[in-house]
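Okay, so here's the structure we're looking at.
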Amino acid sequence: MSIQADLYSPATTGGLVWLYKLDGSMLPGDYVYYFSPYVNQYGDAIVWNSQTYMKMPSKGQGWAKTVNGAAPRPTFTVDNTNRLMQAAINASGSFVGAKLTRTLVLGKYLDATNFKGGNPTADPTKFVKQETWYVDQLKESNDKAITWELCWTLDRPGIQLPRRIMLKSQFPGLGMNS
C-alpha cells in the first residue's frame, strides 16, 4: 500500500510521529542528537531505521512554506530541564549553523521494537516527508527550554546563487562579460 493510501486509512498503527535529528557535527564538540516528543508502546524512546530517538519534549511553529513573500523562519523549542542541550550549547556556541532534519513517519512503519507484539509493517524506507532546516540564531535559553530560530537551506548567511561565475562564453544569453 502506498504512503498516501496509508495516510487516509483508519487502521494506521500509532498515528503520525515527528522525528528530529539535530546535527552539529560541523561545530566544536561534534554533537548529533536524535529525539522525538513521542514515545513507543513501552513509554520509551522511538526507534526508526535502527536509530533511537530519545524522548525529549519539543515543538516548532512557523514551518509553512509559501510561494509568495519571504522564506519562513520557524522557531524550534526543546526541553532544557535535564540540561542536556544546555551542555551542548555551552560547548558548541549556541548551535548556530547546525542542521535540523525533521521527518514525519507513520507509526506503522516504526521498528518492531516499539510495539509489544512486534510490527510486521516496519519499513525504514517509508516516511511521509522530510525537511531540512538550519539553526540561524539562539532566541532564548533558560532552565526550562531552549528556542532557536531556523532558516531554510538557501536563506542561510553567506549562501549565494548562482554559486559560480557566469560568463558569456558559457551562457550566451547573458549578453555581457565578453
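Nothing in this text is a laboratory measurement; each read-out follows from the coordinates by a stated rule. Values in this document were obtained by computation on a predicted structure and should not be read as measured data. Every residue, glycine among them, receives a Cβ derived from its backbone with ideal geometry; neighbour counts consider all protein chains shown.
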Work out how much length LEU16 to ASN68 would gain on full extension: take 0.36 nm times their residue separation and subtract the Cα-Cα distance, in nm to one decimal.
15.9 nm
With R₀ set to 45 angstrom, the calculated FRET efficiency between the beta-carbons of ASP44 and LEU138, to the nearest 0.05, is 0.90
Unit charges on C-beta of K, R, D, E only; dipole of segment 3-154, Debye
220
Work the Kirkwood hydrodynamic radius out for segment 3-154: mean of 1/r over every pair of different alpha-carbon atoms, inverted, in Å.
16.4
Going by C-beta contacts inside 10 Å, put TRP152, TRP63 in order with the fewest on the left.
TRP63, TRP152
For VAL128 and GLN170, what does the FRET efficiency come to when R0 = 45 Å and r is the distance between their Cβ atoms, rounded to the nearest 0.05?
0.65
Rounded to the nearest 5, what % of the DSSP beta bridges within segment 3-154 are antiparallel ones?
95
For each of MET56, MET85, MET26, count neighbouring Cβ atoms within 10 Å of the residue's Cβ, then give the residues from fewest to most.
MET26, MET56, MET85
Given a Förster distance of 22 Å, the FRET efficiency implied by the Cβ-Cβ spacing of ALA112 and GLN61, rounded to the nearest 0.05, works out to 0.10
Cα-based reach from LYS55 at 20 Å (exclusive), listing lysines while leaving out same-chain residues under 8 positions away:
LYS21, LYS99, LYS108, LYS116, LYS144
Sorted from fewest to most neighbouring beta carbons within 10 Å, what does the list LEU22, LEU110 look like?
LEU22, LEU110
